[in-house]
Amino acid sequence: MLAALALPAAARTRPHYGGTLRVEVEGDPWQQARRLIFDGLTRIGADGNVRPALAVRWESENNDHRWQFWLRTGVHFHDGSALTSAAVVESLNNLCGANCPWAAVRAVGSSVVFTGDSPMPNLPALLAGDQLLIVAGFNANGETSPMRPLIGTGAFQPEGVSNGVFSLTANDASWEGRPFLDRIEIAGHKSIRDQWLDLSVGRADLVEVPAEQLRQAREQRLTVVASPPVSLLALAVAGSGALANPNLRAAIALAVDRGALSNVIFQKQGEIAASLLPSALTGYSFLFSADRDLNKTRALRGGLTSPPLTLSTDGGEAMQLAAQRIALNLREAGFNVQTAGAPQHGDLVLLRLTLATSQPQAALESLLRAAGVATPVLASDPAGLFQAEREFLDTHTLIPLLYLPRAYAFGGRVRDLRLGPDGTPLLAGISLQDTP
Amino acid sequence: MQGKLNPMKLVWPRAVVLIVASGLIGLAAGAAPTPGPWEQSAAELADQIAAILGPGQARLTIRNLSRVPSDEIPTIRRLLEQDLKARGVLASGVESANTIRVTLSENLRERLWVAEVIEGNETRVAMVRLEPGSQQQAQAGSGLALRKQTVLTTSEAVLAMLETSHGLVAVEPEEIVIFSHMADGWRGQKRFGIGQKRQLARDPRGVILASPGGDGFEAFVAGMACSGSYQAAQPEGEWTMRCAESDDPWTIVQPQAAQAGSGTQMNVSVTPMKAFYNPARNYFTGVFSPSLGADVPPFYSAGQVVRSAGSAPLLVNGIDGKVALVEDGALKPVAGTRDWGSDFAVLRTGCGAGSQIVASGSGEAAADSLRAYELPGQEAVPVSAPLPMDGTVTALWAAPDGKSIFAVVRSAADQYEVDRVTASCNE
């Protein structure tokens, strides 16, 4: 799972301080900025293991029903207020909804204690997730307001938004050390074509490369860094309504031609998947068959007339094409499927889930939670994980299709670009070549 | 395939041998049966298969999705067949309705052997985990050859380290750690908080030096100076340490008698040098105490180069990437350093000119490398092949006797490895 990183020819020197990094993205710049502004109690290291962040250590008791996290001292929010256990509890209570891994969280001295009705073996890894970053600035009702922006403890603090560009400045008092960069500008809602053009003329330093355009980017001699396959393309199938019959859902799983999706839409840049976790994490993914079998599909349908089904997706052009291809596959298998533009609606939804960690047990629980299953994954060995995956996938409410890498192209002055375990660029560690 | 899992608990093999070619010779067909790398795992998988299938016949197929060499498969098949037979399962039944499909697989952390036991329409699964194999890294060499030996591996950043007769003393950003040697390697025994109050830079650096008596040390990290000593009078010996805020310059060159010259023993005095460090950044300011009499720019690393003529000018690697000698109160640019990274250390080898400069560099490789150079005039001449390191070199310094250097390497997995690098002549 090594990133395909092309390095500049000159010898590497220690990072220089200063300069502004210009990033362009297709989506909302906030998605990139969030990780720069806020920190979690934990983080996932490059090796996939949980590392200290705002918490320096943690212990579990009572068979993982109770966890205590001790906070790092001397950490301050961007407004100068100290990070306290009360602030952490307030943040977690405001951000974590009904699907929380814990039943209660409370401040105990300089620590935070989580208690759960079920064991929470993966809590340290789950606390590294984007949804549970520590945020201050809520009002008394636990709400946000434009008059009171959210603040964090991260390496950068927001400066403002101008002409669609989100600007951030270095936090000199960052607990991780002052970042090398003085400033980061993230321009959002830029087409890939415009991003690559800006990179080529020196108007951008870091741009996106969709998986299906990786080959093209390399042909154009862009310097590309690509993650291992971390983005799971999957088909969510409603377990009620028109598809309440489990045989119909199983038939849909057998009708999709993953090979065509991989070869045609995603230009062979993906890894065909029928399991939730990729092969690199488990070694057993071959136990889940990814083969298309129209005979079995028909047998499972058993002459049932397919009700009209809708298939939607919220992704870009490649996702729309993939949805159309899947709809074609299903029609070939006798299903009456129409694609719909409305995102996250319909009997079938084509979506992407991100692998947050390369630690298999936590990764599986994280994926299951993203799929709406709040049950903790208790097994840590391959046999137990296989069983947990098998049981969930047998419901056919989520059909894994492909694992795709995340990739970025960058300019010659960008130094020390690394990708996180979820494939996102770790912007806070970048330095620039031409700064003195 | 609707696989059900065999309820047997999976266990690690009790003895797993590293997978190196030399270790496999004894496993070739017809060789005497000696314990090999696969025996324990084959026996455990056979146990699980037999528990599922019971006595009888089955057709055995093996496929390899792992990096196990294909010429190992016959050995593994033979072991599995033997172990299954010992448990009442005859694995040669080609006509049997039962099938045992074994897949040799692997993931990022370990090898995994999976058996799908197919009886009619039902498939049950058994799994055995194996530790990953490892391979020795070959060293390339021409003339002088550099070699490395890993001393310590840790998940914490090591800024500097000192070998003492009472253990290793490692400087981390916020702690000084004493490592003691145990049967399974160096283990952290005691940690002393430095009491750092200021925010560290993102690329923190540190220095540790042996005290003259050899039973203590002096260490520097941004804005702090620490000293420690070993109290042998205590019943089991004990380290004591104290740290204080300090803006004093760091000692970057220790006083010692260095030797230079090939064949002739030439003693040249290496004078102590102290330089001011910028605690908010990752470099030295260029100001020395006492002054060198030259306008030295900010630099990342410096070292005294003993030359055969008897002089010992200071070599500095500036933050602008330019390398220069400070000699006779003037700054003299050094050529041939295009491939240098930011760090170097002076290694006393007795080869060639007697001492060489070992510099880090990355070139076009994914990981850094170290390479030895000599400096006959104002041009660095490479005298060794690059020694590949397993990641980014984050610190480099010479041992107190100068006969080896230490490199801290951060791997892609954010693990830190301290390597001792030595040189041998005429290879």
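The values are calculated or read from the model by the stated rules, or taken from the named source; none is laboratory data. Because the structure is a prediction, the values reported are computed rather than measured. No Cβ is skipped: glycine too gets one built from the backbone with ideal geometry, and neighbour counts run over all protein chains shown. All accessible areas refer to the heavy atoms of the entire protein, side chains included, with ligands and DNA or RNA removed. Shrake-Rupley method; radii C 1.70, N 1.55, O 1.52, S 1.80 Å.
Here are the numbers:
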| item | result |
| --- | --- |
| Reachable aspartates and glutamates, given that their alpha-carbon falls under 20 Å from the alpha-carbon of B:K332 and they are not under 8 places away in the same chain | B:D295, B:D320, B:D343, B:E374, B:E379 |
| For segment A:190-244, fraction of C-alpha pairs farther apart than 12 Å, in % | 72 percent |
| The protein assembly as shown: calculated mean residue ellipticity at 222 nm from DSSP helix runs of at least 4, using -39500 (n - 2.57) | -4500 deg cm²/dmol |
| Whether chain A is rounded, prolate or oblate, judged on the alpha carbon gyration tensor where a/c under 1.5 counts as rounded | oblate |
| Chain A: relative contact order in percent, alpha carbon pairs under 8 Å with at least 6 residues between | 22 percent |
| Volume of the Cα convex hull of the protein assembly as shown, divided per residue and given in Å³ | 200 Å³ |
| Accessible area of the protein assembly as shown belonging to carbon and sulfur atoms, whole % at 1.4 Å probe | 50 percent |
| Where chain A is the region considered: accessible area per residue in Å², 1.4 Å probe | 40 Å² |
| Translational diffusion of segment A:231-404, µm² s⁻¹ [Kirkwood Rh, Cα pairs; Stokes-Einstein; 10 °C; 1.306 mPa s] | 98 µm²/s |
| Mean Cα-pair separation over length for segment A:231-404, i.e. relative contact order, pairs under 8 Å, 6 or more apart, % | 39 percent |
| Partner aspartates and glutamates for B:K85 [C-alpha distance under 12 Å; skip if fewer than 8 residues away on the same chain] | B:D47 |
| Neighbourhood net charge (13 Å Cβ-Cβ; Lys/Arg +1, Asp/Glu -1) for B:D401 | +2 |
| Placed amide H near B:G354: partners under 5 Å, 5+ positions off or other chain | B:G261 |
| Environment charge of B:L152, counting only residues whose C-beta is closer than 12 Å and scoring Lys/Arg +1, Asp/Glu -1 | -3 |
| Burial of 40 Å² or greater, segment A:350-394 residues [accessible area, probe 1.4 Å, versus chain by itself] | A:P382, A:A383, A:F386, A:R390 |
| Net charge contributed by nearby residues that have their C-beta within less than 13 Å of A:L304 (K/R +1, D/E -1) | +3 |
| Average other protein chain Cβ within 10 Å of Cβ, residues B:102-114 | 5 |
| Relative contact order %, segment A:39-132, counting alpha carbon pairs below 8 Å whose residues are six or more apart | 32 percent |
| Nearest 10 degrees, 0 to 90: helix A:317-332 Cα axis against chain A principal axis | 20 degrees |
| Pairs from B:K197/B:K322; B:K274/B:K322; B:K197/B:K403 whose Cα-Cα separation, in the structure shown, is over 25 Å | B:K197/B:K322; B:K197/B:K403 |
| Highest-fluctuation residue, A:L402, A:L294, A:L350 considered, GNM on chain A with Cα pairs under 10 Å | A:L294 |
| Ellipsoid equivalent to segment A:39-132 - semi-axes via the Cα gyration tensor, in Å | 19, 16, 13 |
| Whole-Hz ³J(HN,Hα) from phi, Karplus 6.51 cos²θ - 1.76 cosθ + 1.60, for segment A:236-245, glycine and proline x | 7, 10, 4, x, 9, x, 5, 10, 5, 6 |
| Principal-axis tilt of helix A:382-393 within chain A, Cα atoms, nearest 10 degrees | 60 degrees |
| Helix A:360-370 axis, angle to chain A major axis (alpha carbon atoms, nearest 10°) | 80 degrees |
| Under-5 Å amide H pairs with B:M224, H placed in peptide plane, nonlocal only | B:S246 |
| Where segment B:33-89 is the region considered: accessible area per residue in Å², 1.4 Å probe | 47 Å² |
| Area buried, chain A against chain B - accessible surface, total, 1.4 angstrom probe, square angstrom | 4100 Å² |
